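Written below as structure tokens is the structure these notes are about.
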Amino acid sequence: MAKKDFYKTLGVSNTASAEEIKKAYRKQAMKYHPDRNPGDKTAEQKFRELSDAYDVLKDDQKRATYDRFGAEAFEQGGGGHPGGGNPGFGFGFSGGGFSGNFSDIIDEMFGDFDGRGSAGSQLYKQPGSDIRFNLEISLEEAFKGSNARIKYTTAVACDTCKGSGSEANAAPITCTGCNGRGKTRFQQGFFTVERTCSSCNGAGSVISKPCRVCSGNGRTRREKNLEVKIPAGVEDGTRIRVTQEGEAGMRGGPPGDLYVFLSIRSHRFFKRQAADIHCRVPITMMAAALGGEIEVPSIDGSHAVVKIPAGTQSGHQFRLRGKGMSVLRSSSRGDMFIEAAVETPVNLSKKQKELLEQFSETSKKESNSPQSSGFFTKVKEFWDELGGN
């Protein structure tokens, strides 16, 4: 049987760098991957050979052993040196199926796509977290829209290291705990178990000279002042997203977003329902009985005159079209509803009482107070029905 030449399998020279070996493997592995060649036994065999070769050559220790002893050191039962006894050291295939390390192939083919990589060439750039900021505004601000100034404390990129985490931009070095893979592997019974490297937290690299200001994090905490545009017509609970104003990422990672959650404080006159505004206005008994005009405020600051017809009852609503709230992303407005609340006189003088008594004596309940007269007529009928039973 011809001896296996891992360099020839990958199409590189025996002096190829780790990056050249990686590129060669990825190019051919994507070409011969079984998912791209279903049912093709030749492609499957080629893919196994590529994986066997790369599993050895990507590791400095395995590669040194291969250069000294050849592929025989990694045959079934081999342990990295002739006669070794560490089963599972090599990649290995058996029975025509893939071993438990198939995930390594996917990591090597697609691992760099998340910006992290496995060669330890750069530190993992962790995205920053989003921030929530609760902002209370007035009903007038919700109507008109405004530019609100907010102040919050968050993590920002370190000015000293420009977010890199390294002092004087010192280049990161390969993690010795995982040899740049970002993972450590150990044998547990019949299984090979992988875990994220605790030394580099899966980055594959560590900072050689951490920044003295941010201790290698690439960011510090600082108070930020920001102007947030609040559009007219916003409602209670509206969420405004301000992109890239959240926490800065770790070691140059992209920042998160800021989410401003709006709440609208209670108004002393108005109650809002969607785009409409309701206002309860007390009117005197005389104005309700005789009729007249009242002047009420509007949310836009103007004055609105409402005509009160004679005989107005409590609870009657007057509708003022176009005097309500602004509608979000629209030039239209809702309506305003004025609810009359007829006020009964209190603290009457003796003269006032006498006048009311005279009015009561001269008034006819059926014509002057039809609602109360009708109600008590029905009550009397109800009692009569009960008495008849």
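The values are calculated or read from the model by the stated rules, or taken from the named source; none is laboratory data. None of the values given here were measured: they were computed from a predicted structure. So basically every Cβ, Gly included, is an ideal-geometry build from the backbone, and we count neighbours across all protein chains shown. Accessible surface is based on the protein model in full, side chains and every heavy atom, while ligands, DNA and RNA are left aside. Shrake-Rupley method; radii C 1.70, N 1.55, O 1.52, S 1.80 Å.
Couple of notes before you dig in:
- Note on segment 262-302: with neighbouring protein chains present and a 1.4 Å probe, carbon and sulfur make up 54 percent of its accessible heavy-atom surface.
- Electrostatic tally near Asn14: other residues with Cβ closer than 13 Å to its Cβ, Lys and Arg +1, Asp and Glu -1, net 0.
- Contour minus Cα-Cα distance for Arg329 and Ser367 (0.36 nm per residue): 8.6 nm
- Segment Gln317-Glu227, extension gain: residue separation times 0.36 nm, minus the distance between their alpha carbons: 28.4 nm
- Exceeding the 18 Å Cα-Cα cut-off - candidates Lys4/Lys31; Lys8/Lys58; Lys151/Lys229; Lys4/Lys46; Lys31/Lys125: Lys4/Lys31; Lys31/Lys125
- Peptides 276-287, 345-356 ranked from most to least packed, by the mean per-residue count of other Cβ atoms within 10 Å: 276-287, 345-356.
- Pairwise FRET efficiency - Asn201 versus Thr176, Cβ, R0 = 22 Å, nearest 0.05: 0.95
- Neighbours of Arg251, meaning other residues whose beta-carbon lies under 11 angstrom from its beta-carbon, give a summed charge of +3 when Lys and Arg score +1 and Asp and Glu score -1.
- Among residues other than Phe186 with Cβ under 11 Å from its Cβ, the summed charge is +2 (Lys and Arg +1, Asp and Glu -1).
- Computing FRET efficiency as 1/(1 + (r/R0)^6) for Glu343 and Phe261, where r is the C-beta to C-beta distance and R0 is 41 Å, gives about 0.55.
- Rounded FRET efficiency, nearest 0.05, which uses the C-beta distance separating Phe359 from His278 and R0 of 30 Å: 0.35
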